[in-house]
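Report on the structure given below.
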Amino acid sequence: MSSIKPLTLHAHSTGPNPFKVAMALQYLQVPYEVKQWQFGDDAENGVKGTKFLQINENGRVPALEDPNTGVVSWESGACMNYVRRVYDKTGKLGPVSNAEQDVVDFEKWEYFLLTTLGPMMGQTNWFRNYNATKNDDALERYVAQSYRCFDVLEKHLEKSSAESILPGKVTAVDYHFEPWVRQYAFAGLSLDKYPNIAKWLKSIQGREEVKQAYISIKGA
Ligand SMILES: N[C@@H](CCC(=O)N[C@@H](CS)C(=O)NCC(=O)O)C(=O)O
């Protein structure tokens, strides 16, 4: 892997999505450098500024630039799948097997995070911590939706004794979930009724690639 030129991972110190990509790169031992951006439209340093919009016209992190292939990706799902296709030829982080059901299981949990649990947690965070005007209706709605997602995940984790989201092995799907689920306290949510989620989170957070991913973006 040493002949690989470092990829550039565009990130923010707190935004959850870039950490997933860092976890995959760490696990696969693909070298990368982190470029930090601020939220806002500062022309030089902001994710909505002219410089970053040339990399990602949607103005959000992560984005991933690969000097080895010239490929630029953004949206964490696209970045993760790019990394798996190019740097995980043996499928260490992919579906449990090539059987169609296993491939679909991988994709359904990946999409559940990307389209449902992640956005619901994101909106809970927003209405709990950032919205300038108090809006209890919106907060209640997104808290309920986040807990509904937790209910689904809690039950599903019984199948693996809470060791991994896809029974059989830790995959990129676990990396997708970790940065969002870990925000439960910041979102004002509790895991008291979710022992499987709490167990899974602790186990994933104990993994070396997960710890190193956070260090690489946030510092030690
Ligand atoms: N669906 C996208 C969302 C990316 C996203 O929401 N990024 C956040 C940080 S985690 C961001 O850049 N927010 C800045 C903004 O919205 O201005 C993904 O999965 O990558």
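Remarks
- Peptides 69-80, 34-45, 195-206, 174-185, ordered by how many other C-beta atoms sit within 10 Å of their residues on average, highest first, read 174-185, 69-80, 195-206, 34-45.
- The HN-Hα couplings worked out from phi for the range 67-82 by the Karplus form 6.51 cos²θ - 1.76 cosθ + 1.60 (θ = phi - 60°) are x, 6, 10, x, 7, 10, 10, 8, 6, 4, x, 5, 4, 5, 5, 4 Hz, whole numbers, x standing for Gly and Pro.
- Dipole magnitude for the range 100-207: computed about the Cα centre from +1 point charges on Lys and Arg Cβ and -1 point charges on Asp and Glu Cβ, it is near 360 debye.
- Rounded to whole numbers, the Karplus 3J(HN,Hα) couplings from phi for the range 18-33 are x, 4, 4, 5, 4, 4, 5, 5, 4, 4, 7, 6, 8, x, 8, 10 Hz, using 6.51 cos²θ - 1.76 cosθ + 1.60 with θ = phi - 60°, and x at Gly and Pro.
- Sparsely packed loop sites in the range 105-171 (the trypsin sites (Lys or Arg not before Pro) outside DSSP H, G, I, E and B with at most 13 other Cβ atoms within 10 Å) comprise K134.
- Value at 222 nm in deg cm²/dmol, rounded to 500, when DSSP H runs of n ≥ 4 in the chain each add -39,500 (n - 2.57): -14500 deg cm²/dmol
- Mean Cα-pair separation over length for the chain, i.e. relative contact order, pairs under 8 Å, 6 or more apart, %: 22 percent
- Note on K155 and I4: the model spin-label points, each 7 Å out from Cα along the C-beta direction, lie 3.8 nm apart.
- Karplus 3J(HN,Hα) series, Hz, for the range 208-215 with 6.51 cos²θ - 1.76 cosθ + 1.60 (x for Gly, Pro): 4, 5, 6, 4, 5, 4, 5, 4
- For K35, the amide hydrogen comes within under 5 Å of the amide hydrogens of L9, H10, A11, counting only partners 5 or more places away or on other chains and with H modelled in the peptide plane.
- Partners of K108 within straight-line reach, counting lysines whose Cα lies under 27 Å from its Cα and excluding those fewer than 8 residues away in the same chain: K20, K89, K92, K155, K159, K169, K193, K199, K202, K211.
- Expected-Rg normalisation [2.2 N^0.38 Å, Cα atoms] applied to the chain: 1.02
- For the pair R128 and T14, the difference between a 0.36 nm per residue extended length and the Cα-Cα distance amounts to 39.4 nm.
- Using bins of 5 Å that start at zero, the share of Cα-Cα pairs per bin across the range 135-215 amounts to 3, 14, 25, 25, 16, 10, 5, 2, 0, in whole %.
- Stokes-Einstein diffusion coefficient of the range 1-100, Kirkwood radius over Cα pairs, 4 °C, 1.567 mPa s, in µm²/s: 93 µm²/s
No lab work stands behind these numbers, since they all come straight from the coordinates. Owing to the predicted nature of the structure, the values given are computational and were not obtained by experimental measurement. Positions of Cβ are backbone-derived with ideal geometry, glycine not excepted, and every protein chain shown enters the neighbour counts.
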